[in-house]
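Here the structure comes first, spelled out in structure tokens, and everything after it is commentary.
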Amino acid sequence: MDGEIGRLYAGAERSFGDWQVVADLVDECIDLSLNYRQSGHPGGSRSKVHLTLALLLSGAMRWDLLRPWRPFGDRLVLSAGHTVPLVYATLAVFDEAMRARHAREGDPAFAFPDGGRWALTWEHLLDLRRNGGLPGHAEMAGRTLLLKWNTGPSGHGMPPSVGEALALRAAGCEDVKVFAIEGEGGLTPGASHETRNSAWGLGLSNLVFLLDWNDFGIDDNPVSSVVHGDPASWFAPYGWRITGTTEGSSFPEVTRAVLEAARGENPGRVPSLAWFKTRKGRGYGTYDNKSHGTPHPLNSEKFWTTRKAFMARYGVAYEGVDAAAPADPAAQRAPASRHFAVALSVLRRADALVTRLSDRLAELARSLPERVPSFSLGGKGAALFADERLLDAERYPAAMWAKPGEKKPNRAALATWGAWINSFARKEYGRPLFIACSADLAESTNIAGFMKGFEDVEGWGWYQRDTNPRGTLLPQQITEFTNAGIVCGLASVNFADDPFREFNGFWGACSTYGSFSYLKYGEMRLFSQLAQDCELKLGKVLWVAGHSGPETAEDSRTHFGIFETGVTQLVPDGQIIDLHPWEHNEVPVVLAAALRQKAPIVALHLTRPAVEIPDRAALGMASHFAAARGAYVLRPYRADRPKQGTVFV
């Protein structure tokens with residue numbers, strides 16, 4: 001191995017002995033936390049330890065343990081979100097090294113920022129899967145801001161990883177990478193196929209998948225009994241770079257594969273895969289599918305067997321070996337806490353290991369650039385979101401509005417508004433605001449406006465991986481689910497200097513027919529939950545339900561778009577705004593009003609046929625600007641006539 005990979009491997013090779021101690025501690029923390037909680041996923045968490053530590057310590061991934069929100073750090077998506085005990089245990093070990101170093105020397109370089117608000121120490125493992133404690137699946141919030149998406153539902157982490165890699169590339173930061181960790185069971189949902197196609201089509205050389213190939217999910221049947229092939233045959237037909245090892249629990253082989261995938265030559269500028277053949281439940285005493293989601297019974301013989309091996313290896317002693325746990329749940333916490341303290345004492349008493357590990361973590365943090373020369377959203381571009389003209393409909397140009405008597409569908413107004421807002425951003429700030437995509441329905445749903453010019457401003461055009469990577473309309477095919485994940489993932493990437501207070505990045509927009517909107521729901525739901533809890537500011541997503549309403553009856557029942565209104569409301573309260581404009585001129589008004597609100601998702605329901613634009617002044621009706629209020633009175637009762645009822649439109 002030559003060049004950067006050779007240099008990084010040589011440094012890693014000198015540390016493999018330390019890494020093995022860290023791996024043993026991570027294993028121990030996984031087991032202790034799941035034993036105490038009696039809930040969680042041991043098998044996949046243990047099988048991914050080596051690939052995860054190689055990723056985080058070799059230099060393949062550039063990241064900052066203490067400040068994981070830094071904008072130009074590589075991003076980690078734990079697509080196999082059920083294996084989050086692995087991440088919790090890893091962070092607990094790393095943070096213990098930093099805490100011990102700071103306690104020993106007082107050096108602020110090793111101090112937890114903000115009083116430890118973002119640190120995850122072993123004490124937090126006691127509250128795994130408890131109310132107010134660590135969630136049962138991966139979430140991008142609080143002590144796990146290292147993770148860059150909410151995951152757990154199978155297949156749901158892959159499309160957002162594409163969106164995040166795309167946002168980085170579109171912002172001129174292609175050297176910043178996105179790493180997604182998954183198992184082969186997670187490759188079986190349809191989103192996996194859509195993701196592999198999309199990542200190649202978008203030319204995402206900064207996207208790296210790390211695949212834990214262990215052949216088992218939850219049921220007794222191995223994956224290989226129903227899925228043909230191997231990782232190479234699963235990814236090569238999609239144009240990905242592929243490397244891997246059959247020794248997925250050997251640090252030398254795993255590190256070579258991780259570094260090659262992350263830092264190897266990639267002349268085709270395509271996404272990369274590294275696969276690792278492992279045993280699900282490695283070292284746990286229960287293996288394969290039986291280790292998936294059920295820990296050993298509390299303080300059982302199998303639990304103590306693995307503890308005895310750890311005690312013998314490191315010369316420590318747990319209390320109550322082979323004894324049953326106290327019957328009272330409240331009495332179980334104290335001995336569980338002492339077990340963690342014993343395990344982590346292996347690290348704390350090893351001053352030289354604490355020094356080397358904390359130095360390495362600090363070195364990795366220093367490897368992050370403060371600025372990227374090719375970054376295209378900085379300087380004046382960062383001020384776009386403070387410009388009140390963006391969302392002040394009454395200041396929009398005259399060309400935005402249809403004239404009374406014209407017949408236009410309300411969906412046409414989306415095209416006009418999309419063209420104007422990205423053209424305005426280009427003219428004033430040299431950058432786009434929205435990146436959009438559709439399920440091969442860009443013109444049909446009028447979302448194509450986001451790539452078009454407005455008046456004298458040239459449009460951004462179709463995104464093309466080789467010739468126009470700044471294009472604002474992605475050439476997506478019939479991939480509704482993945483399209484939703486792409487734009488949501490894209491909107492989660494915040495390049496602001498202070499991401500806790502402001503957002504600088506892209507907003508996303510995606511469309512399909514209203515009758516197919518349910519295909520987008522899963523990723524929208526996860527984005528809404530992420531927005532609820534994540535302390536970092538996020539962008540916004542426009543969810544376009546085109547051809548909605550009974551007017552699609554000519555397409556028959558298969559395309560009858562009247563039910564999407566229920567789908568778009570199945571998210572937490574306050575996280576979505578549904579827009580149902582009547583006519584063309586209301587569309588820019590309601591969009592501007594909704595996007596001024598805090599809700600991260602705006603669902604825009606548009607209809608297909610042309611509607612005559614009313615002469616509101618002649619009819620005594622309120623202006624289309626009144627639509628900004630949501631429900632409004634089109635025309636009040638006449639004072640000289642009796643009130644004869646109300647008509648709702």
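The values are calculated or read from the model by the stated rules, or taken from the named source; none is laboratory data. This one's a predicted model, so the numbers in the text were calculated from it and none came from an experiment. Neighbour counts run over all protein chains shown; Cβ positions are idealised from the backbone, glycine included. These accessible areas exclude ligands, DNA and RNA; they are computed on the full protein's heavy atoms, side chains included. Shrake-Rupley method; radii C 1.70, N 1.55, O 1.52, S 1.80 Å.
Observations, loosely collected:
- Given (1) more than 28 Å from the chain's Cα centre (by Cα); (2) of a type in the set (Val, Ile, Thr); (3) in a loop (DSSP other than H, G, I, E, B), index of the condition VAL372 fails: (1)
Matching residues to (1) open to solvent by 20 Å² or more (accessible area, probe 1.4 Å); (2) polar (S, T, N, Q); (3) within 25 Å of PHE235 (Cβ to Cβ); (4) in a loop (DSSP other than H, G, I, E, B):
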residue	(1), (2), (3), (4)
PRO252	yes, no, yes, no
ALA257	no, no, yes, no
ARG279	yes, no, yes, yes
ARG282	yes, no, yes, yes
THR305	yes, yes, no, no
MET311	yes, no, no, no
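- Of the residues making up segment 496-518, those that are in contact with a strand residue (DSSP E or B) (Cβ under 7 Å, 6 or more places away or on another chain), closer than 16 Å to GLU564 by Cβ and not in a strand (DSSP E or B) are GLY514, SER515, SER517.
- Out of ARG641, ARG629, ARG596, one residue alone is open to solvent by 90 Å² or more (accessible area, probe 1.4 Å) and touching a helix residue (DSSP H, G or I) at 6+ places or on another chain (Cβ under 7 Å). It is ARG596.
- Scanning segment 193-229 for residues that are without any contact (Cβ under 8 Å) to a residue 40 or more places away in the chain and within 27 Å of the chain's Cα centre (by Cα) gives HIS193, VAL223.
- Looking across segment 393-403, the residues that are in contact (Cβ under 8 Å) with a residue 60 or more places away in the chain, in contact with a helix residue (DSSP H, G or I) (Cβ under 7 Å, 6 or more places away or on another chain) and not aromatic (Phe, Trp, Tyr) come down to ALA393, GLU394, MET400.
- Considering (1) touching a residue at least 12 places away in the same chain (Cβ under 8 Å); (2) of a type in the set (A, V, I, L, M, F, W, C); (3) surrounded by fewer than 23 Cβ atoms within 10 Å (Cβ to Cβ), the lone condition that VAL487 does not fulfil carries the number (3).
- In segment 162-176, the residues that are closer than 12 Å to PRO71 by Cβ form no Cβ pair under 7 Å with any partner that is modelled with pLDDT under 95, whether six or more places apart or across chains.
- Counted residues, segment 427-457 - those being closer than 22 Å to LYS380 by Cβ and open to solvent by less than 10 Å² (accessible area, probe 1.4 Å): 6
- Single residue of segment 404-415 satisfying the filter (touching a residue at least 40 places away in the same chain (Cβ under 8 Å) and part of a helix (DSSP H, G or I)) that is most open to solvent (accessible area, probe 1.4 Å): ARG411
- Filtering segment 390-403 for residues that are within 29 Å of the chain's Cα centre (by Cα), more than 19 Å from GLU583 (Cβ to Cβ) and open to solvent by less than 20 Å² (accessible area, probe 1.4 Å) leaves a non-empty set.
- Flag if TRP122 is open to solvent by 10 Å² or more (accessible area, probe 1.4 Å) and of a type in the set (A, V, I, L, M, F, W, C): yes
- Test: residue in segment 416-426 that is at positive phi and either open to solvent by 30 Å² or more (accessible area, probe 1.4 Å) or without any contact (Cβ under 8 Å) to a residue 24 or more places away in the chain (or both): no
- Residue count for segment 233-247 under the criterion of being touching a residue at least 40 places away in the same chain (Cβ under 8 Å) and hydrophobic (A, V, I, L, M, F, W, C): the result is 2.
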